[in-house]
Amino acid sequence: MSTLLNNINPSIKAITVVISVCLLTFVFDPFTPLVYCILTILLTFLFGKVAWKMYLIYFLVICLLSIGMLWTSVAFADEPNNPQLTMQFLFWELPKENVTVALSLTLRMLAFAALSFMFIFTTNMVHFILSLMQQCKLPPKLAYGILAGYRFLPLMRDELQQIRAAHQVRGVNRASGLKETIQQYKRYAIPLLAGAIRKAERTAIAMESKGFSGKKNRVFYRQFQVTFIDWLFLGGMIVLLAATVAISIKLGYFSWYKGQF
């Protein structure tokens, strides 16, 4: 069960996240996105094999950004329709409408982040591209171009480290200011670009030698199928959102988006 999310078809998982995000955009109250965000995080850790330390680091960054968004939304909000209706927010007495709008935006952002992280931390990106080709008919030329670029990133990082080491061996001092840093990266840019061009040429020759033509009617070594579990996951996430909305309506918290900004 701990790897259930990792085994879901990547295309169906991506479609589920997109649908959930689109549906959440019509919700504009603090309660619904908060509950859905918590449930999404719980599902991610219960049914997915996740690098939890990395997850917490990334989510903490999003939380810090959300706090900035919360403060900005409260501080620079428009004049409320009912300024006499106030509430205690931290150490200030603020219009309730402004605080509600700010919390709604912030918690909705966290819910979007939780859905995105559920996809990112439980999905192999190579499998995702292959699934897009097989289930969503993504053109192979575009798909394999994306895969090649994805594979180049760690190679470029290693090559940058080698260039830095070579410069240090030759007595080039490390940059100490902004101007020197810019000059330093200019020196790095030319050998990195030359190396990237060489790798791209070798990759193109290798693909051509193996008969890659970009045709869609090709055979795949890794086959991805859409199973009942995949559709159950999609439906379950939508039902979970619907249940959260129903509870929010029952408790009197629910509100549709009506241009509140």
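The values are calculated or read from the model by the stated rules, or taken from the named source; none is laboratory data. Please read these numbers as outputs of a predicted model, since none were measured by experiment. Positions of Cβ are generated from backbone atoms using ideal geometry, with glycine treated the same way; all protein chains shown enter the neighbour counts. Please note that ligands, DNA and RNA were not included when accessible areas were found on the heavy atoms of the full protein model with its side chains. Shrake-Rupley method; radii C 1.70, N 1.55, O 1.52, S 1.80 Å.
Could you check region 1-14 and list, in sequence order, the residues that are modelled with pLDDT of 90 or more and within 17 Å of PHE117 (Cβ to Cβ)?
Across region 1-14, the qualifying residues are LEU5, ASN6, ILE8, PRO10, LYS13, ALA14.
Please tell me if GLU79 is surrounded by fewer than 16 Cβ atoms within 10 Å (Cβ to Cβ) and at pLDDT below 90. Yes: the conditions hold for GLU79.
Within region 1-19, the set of residues being over 17 Å from the mean Cα position of the chain (by Cα) and more than 15 Å from PHE224 (Cβ to Cβ) comprises MET1, SER2, THR3, LEU4. Of all residue pairs spaced 6 or more apart or on separate chains, those with beta-carbon atoms under 6 Å, a first member in region 112-139 that is more than 21 Å from ILE38 (Cβ to Cβ) and open to solvent by less than 50 Å² (accessible area, probe 1.4 Å) and a second member that is part of a loop (DSSP other than H, G, I, E, B) and among the charged types (D, E, K, R) are LEU130/ARG222.
Looking across region 83-135, the residues that are over 27 Å from ILE67 (Cβ atoms), at pLDDT 85 or above and assigned to a loop (DSSP other than H, G, I, E, B) come down to THR123, ASN124. For region 158-165, the count of residues that are farther than 30 Å from LEU65 by Cα, open to solvent by less than 50 Å² (accessible area, probe 1.4 Å) and assigned to a loop (DSSP other than H, G, I, E, B) is zero.
Criterion applied to LEU5, LEU60, LEU34, LEU64 was being open to solvent by 70 Å² or more (accessible area, probe 1.4 Å), in contact (Cβ under 8 Å) with a residue 40 or more places away in the chain and out of contact with any strand residue (DSSP E or B) (no Cβ under 7 Å at 6 or more places or on another chain), and the one residue passing it is LEU34. Taking the condition loosely packed, with under 10 Cβ neighbours inside 10 Å and at pLDDT 90 or above, does PHE261 pass? It is false that PHE261 is loosely packed, with under 10 Cβ neighbours inside 10 Å and at pLDDT 90 or above. Give region 229-238 a look and list any residue that's more than 12 Å from ILE19 (Cα to Cα) and open to solvent by 40 Å² or more (accessible area, probe 1.4 Å), or say none. Within region 229-238, ILE229, TRP231, LEU232 qualify.
Per this entry, ARG170 is counted among residues that are surrounded by fewer than 11 Cβ atoms within 10 Å (Cβ to Cβ) and either among the β-branched types (Val, Ile, Thr) or farther than 30 Å from LEU39 by Cβ (or both).
Scanning region 18-28 for residues that are in a helix (DSSP H, G or I), crowded, with 20+ Cβ neighbours inside 10 Å and of a type in the set (A, V, I, L, M, F, W, C) turns up just one, LEU24. Note on region 140-151: residues that are within 20 Å of the chain's Cα centre (by Cα) and open to solvent by 30 Å² or more (accessible area, probe 1.4 Å) total 4. Select from region 29-49 the residues that are outside any helix (DSSP H, G or I) and farther than 18 Å from VAL101 by Cβ and list them in ascending order. Answer for region 29-49, where residues must be outside any helix (DSSP H, G or I) and farther than 18 Å from VAL101 by Cβ: GLY48, LYS49.
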